[in-house]
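Okay, structure first, notes after.
The values are calculated or read from the model by the stated rules, or taken from the named source; none is laboratory data. It should be emphasised that the depicted structure is a prediction, and the values quoted were computed from it without experimental measurement. As a convention, Cβ positions derive from the backbone with ideal geometry for all residues, glycine included, and neighbour counts pool all protein chains shown.
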Amino acid sequence: MRRAPTVSRRSVNGKETQRGQKPDIETVYPQASTVFTARPPARLRFRGTAPVLGEAGGASGGDRRGAARLKLVCVTATGPLRDPAHRVSPKAVRLWLMEALIAFVLLIGGSYLAGGWVGGSGWPWVPDWFAARPWLLPVTVGVLTTPFLAAEPFVRYAVHRWELSGDVVYARTGFLTREWVFVPVSRIQTVDKAQGWLERALGLATLEIRTASHAGSSTIKGLDYAVAAGLAERLAHRAEQLRDDAT
């Protein structure tokens, strides 16, 4: 008589799932019901830590002793996700356009130099038509990359959003792909604001959120400097309150 196979299970925040099965977002983020709306279901990342049962373990969601921890949990939403509440600054479009222009100039200049070097090298494998027209390389590169570089700033502005909801930083980023990120405020160790020279010229800043795990860290780009400074202060103050409450 064949025995039924045993199923290894694990517990995330007190809920059981089969080993190898990804937990749903409501398991690792109980307030997830606040971010669902009428959009297609999406894969997202929950950036934080959650206790996980070992093979022989028995740890509840609140008991972390002896429990392994997931530094980065990939989950599948059980329902459609709504957009985060806030857009980044409209000036972020100018920032990304300037960055795209710089990248375009460097790319065209590099391909022009590479085409001239290869065309004038005299190597036997270089076609005669290319040796006579090395400018074809930068022209081809420009034609292929211009649509992406021109569209990227506007697509990023439409996609990049953020909010602070229920002691969780909820953000969405991406260009060709999309990533939804949840960072629990209780896991935050440091919050910084950074400015590159282009950001400083436009009055923008990047919010850098760091947790104990590098995989749990996140950034929100394209914020007005005043917004980034105020959000950094709120997150630092709230994280300190939550740590004091825990002790």
If I filter the range 130-151 for residues that are touching a Gly at 6+ places or on another chain (Cβ under 9 Å), part of a strand (DSSP E or B) and either among the hydrophobic types (A, V, I, L, M, F, W, C) or loosely packed, with under 14 Cβ neighbours inside 10 Å (or both), do I get at least one hit?
no
Looking at the structure I just gave you, is G66 modelled with pLDDT under 50 and either within 29 Å of G203 (Cβ to Cβ) or over 25 Å from the mean Cα position of the chain (by Cα) (or both)?
yes
Output yes when any residue across the range 214-228 is at pLDDT below 95, surrounded by 19 or more Cβ atoms within 10 Å (Cβ to Cβ), closer than 30 Å to L97 by Cβ and over 14 Å from the mean Cα position of the chain (by Cα), and no when none is.
no
Check whether at least one residue in the range 225-247 is part of a strand (DSSP E or B) and in contact (Cβ under 8 Å) with a residue 12 or more places away in the chain, and report yes or no.
no
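Check R178, R210, R200 and return the single one that is surrounded by fewer than 14 Cβ atoms within 10 Å (Cβ to Cβ), at pLDDT below 95 and not hydrophobic (A, V, I, L, M, F, W, C). If you could, list the steps in order and put the result at the bottom.
Details: R210 fails: surrounded by fewer than 14 Cβ atoms within 10 Å (Cβ to Cβ); R200 fails: at pLDDT below 95.
One residue alone meets the criteria, R178.
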Conditions (1) within 30 Å of G222 (Cβ to Cβ); (2) at pLDDT below 95; number of the one not met by G119
(1)
Which condition breaks for D128 when tested against (1) more than 21 Å from L231 (Cα to Cα); (2) of a type outside the set (A, V, I, L, M); (3) modelled with pLDDT of 95 or more?
(3)
